[in-house]
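Trainee: Quick one: structure below, then a few questions.
Bear in mind that the values in this text are calculations on the coordinates, not laboratory data. Remember, predicted model here, so these are calculated numbers, not experimental data. Backbone-built Cβ (ideal geometry, glycine too); neighbour counts: all protein chains shown.
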Amino acid sequence: MKFQRISTKSDCVIICEHPNEKVSDRFYQVITADNGVFSLHKNYVKKIFGKKKDFLSDYDDESSHIIFRISWFTRKDPVNPKYYITTITEWSFYEE
């Protein structure tokens, strides 16, 4: 039996609208502090952060950037290995 270790990453991130217009209606873009970028499906974001119709407008502030501290891990999709699945394990607001 083989076991695969999944390493969890933790960082401060900004969640924003996806810049690619073809997928912006389905995905948000997540930008990490070390300039890493990945996408999350909007339904998944609503499931994790609360079932809001427009997630970003509910957390909008005067700086128009909401910073979260999240922990996540990424693995290859078993159905389609050219895609990755990102799972958020915990989150909180980043307070300066």
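Trainee: Within 10 Å, count the other beta carbons around each residue, average over each peptide in 79-87, 23-31, 35-43, and list them highest first.
Mentor: In decreasing order of mean packing, 79-87, 23-31, 35-43 become 23-31, 35-43, 79-87.
Trainee: Between SER92 and SER24, what is the FRET efficiency for a Förster distance of 25 Å, r being their Cβ-Cβ separation, to the nearest 0.05?
Mentor: For R0 = 25 Å, the calculated efficiency reads 0.45.
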